[in-house]
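> I have a structure here, written as structure tokens, and I will follow up with some questions on it.
The values are calculated or read from the model by the stated rules, or taken from the named source; none is laboratory data. What you see is a predicted model, and the numbers here were worked out from it, not measured in a lab. No Cβ is skipped: glycine too gets one built from the backbone with ideal geometry, and neighbour counts run over all protein chains shown.
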Amino acid sequence: MSQASPASPPTPAVPAAAPAAPPAADALSWTPPVAAHSRVVWTLLDTWVVCRRNLIHTVRIPELLIFSTIQPVMFVLLFVYVFGGAINVGPGLSYTDFLMPGIFVQTIVFGAMTTGIGLAEDRQRGLIDRFRSLPMARGALLGGRTLADIVRNTLIVLIMLAVGLAVGFRFGDTTVLAVIAGFLVMLLFAYAFSWISATIGMAVSSAEAAQSGGFIWVFPLTFASSAFVPVQTMPGWLQSVARHQPVTVTVDAVRSLFLGGPVTSSLLQSLAWCAGILLVFVPLSVRTYRRVTS
């Protein structure tokens, strides 16, 4: 009778291998699996990719930045040295100090037009359709474009500040925090106006149409405001419109923050205009983008 062989001991389970760490060379470009990110995070990442693409485009075409700067510099020289002597802004205030906050706001409003022009060019070249075919957030294209234009507008405003200081502009009885707040108000205003321009850019079929459509609403808002002359010098019927439109209240807020003076009313009105524009035109531009790419 044969004797049964003893049972062999069980083989210990081998633990599952941990995910391999990324190579050192790829450490900066490595991203965790998709499940590790929420939808909001992926939207922000997609927005940053589009923003970076537009910033690189601006760096590689410096003529765009140069021409965007030349126009406001010409406005400064024209109004300071040609019209400045004929415009009375009141006692104790030079026209240069009165003008520069208006030039700052005018510059960022004109700069907001490039958002729509750039989107119209991308649509005309079929780039938006290629973005549409990629697994990316729907609003990343618009958000990235407007964010890149904020960076570009910041650089242009700093250049304009240097030009203003060169022609005699000086900050008044104010504080460093008030000056910083003035620049932040301008950038928020530029961001809001970029979404208006984005809606126009997505609604038209060419960059030329986007540029023409932008001038239709930018010019009246800019020149029928307190940017270049006091509102009280305008005809009575125009004063009621100019006094409460978004460019005027933003210019008045920035002027008070830079030179000193009562700022609460104009600042609150400017912030209200920015919030209202964003609430209306952000969803409207996204809706227009989805309609033209569907």
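> For residues that are of a type in the set (Lys, Arg) and not in a loop (DSSP other than H, G, I, E, B), scanning just region 129-185, find the one that is nearest to LEU99 (Cα to Cα).
ARG152
> Among the residues of region 61-88, how many are touching a Phe, Trp or Tyr at 6+ places or on another chain (Cβ under 9 Å), surrounded by fewer than 17 Cβ atoms within 10 Å (Cβ to Cβ) and among the β-branched types (Val, Ile, Thr)?
Counting residues in region 61-88 that are touching a Phe, Trp or Tyr at 6+ places or on another chain (Cβ under 9 Å), surrounded by fewer than 17 Cβ atoms within 10 Å (Cβ to Cβ) and among the β-branched types (Val, Ile, Thr) gives 1.
> Here is a follow-up. Please specify each residue of region 28-54 satisfying the condition of being exposed (fewer than 13 other Cβ atoms within 10 Å of the Cβ) and at pLDDT below 80.
LEU28, SER29, TRP30, THR31, PRO32, PRO33, VAL34, ALA35, ALA36, SER38, ARG39, VAL40
> Okay, moving on. Taking PHE83, is it within 21 Å of VAL249 (Cβ to Cβ), of a type outside the set (D, E, K, R) and assigned to a helix (DSSP H, G or I)?
So PHE83 does not fit the description; no.
> Condition first: of a type in the set (S, T, N, Q) and crowded, with 18+ Cβ neighbours inside 10 Å. Now tell me which residues in region 132-190 satisfy that.
Of everything in region 132-190, those that are of a type in the set (S, T, N, Q) and crowded, with 18+ Cβ neighbours inside 10 Å turn out to be THR146, ASN153.
> Mind listing just one residue for me: the one in region 117-130 that is surrounded by 12 or more Cβ atoms within 10 Å (Cβ to Cβ) and free of Cβ contacts under 8 Å to residues at least 24 places away in the same chain and, of those, farthest from THR199 (Cα to Cα)?
LEU127
> Say whether the condition of being more than 19 Å from PHE75 (Cα to Cα) and surrounded by fewer than 21 Cβ atoms within 10 Å (Cβ to Cβ) is met by at least one residue in region 194-201.
no
> Specify the residue that is surrounded by the fewest Cβ atoms within 10 Å (Cβ to Cβ); the eligible residues are those in region 220-248 that are under 19 Å from the mean Cα position of the chain (by Cα) and of a type in the set (A, V, I, L, M, F, W, C).
Looking at the filtered set, the residue picked out is LEU221.
> Across region 202-219, what is the total count of residues that are crowded, with 24+ Cβ neighbours inside 10 Å and small (Gly, Ala, Ser)?
2
> Enumerate the pairs (first residue in region 45-61 and touching a residue at least 24 places away in the same chain (Cβ under 8 Å) and of a type in the set (A, V, I, L, M); second residue anywhere and surrounded by fewer than 15 Cβ atoms within 10 Å (Cβ to Cβ) and in a helix (DSSP H, G or I)) with beta-carbon separation below 8 Å, excluding pairs fewer than 6 apart on the same chain, so at least 6 apart or on different chains.
Here the result reads LEU55/VAL151, each pair linking region 45-61 to a residue that is surrounded by fewer than 15 Cβ atoms within 10 Å (Cβ to Cβ) and in a helix (DSSP H, G or I).
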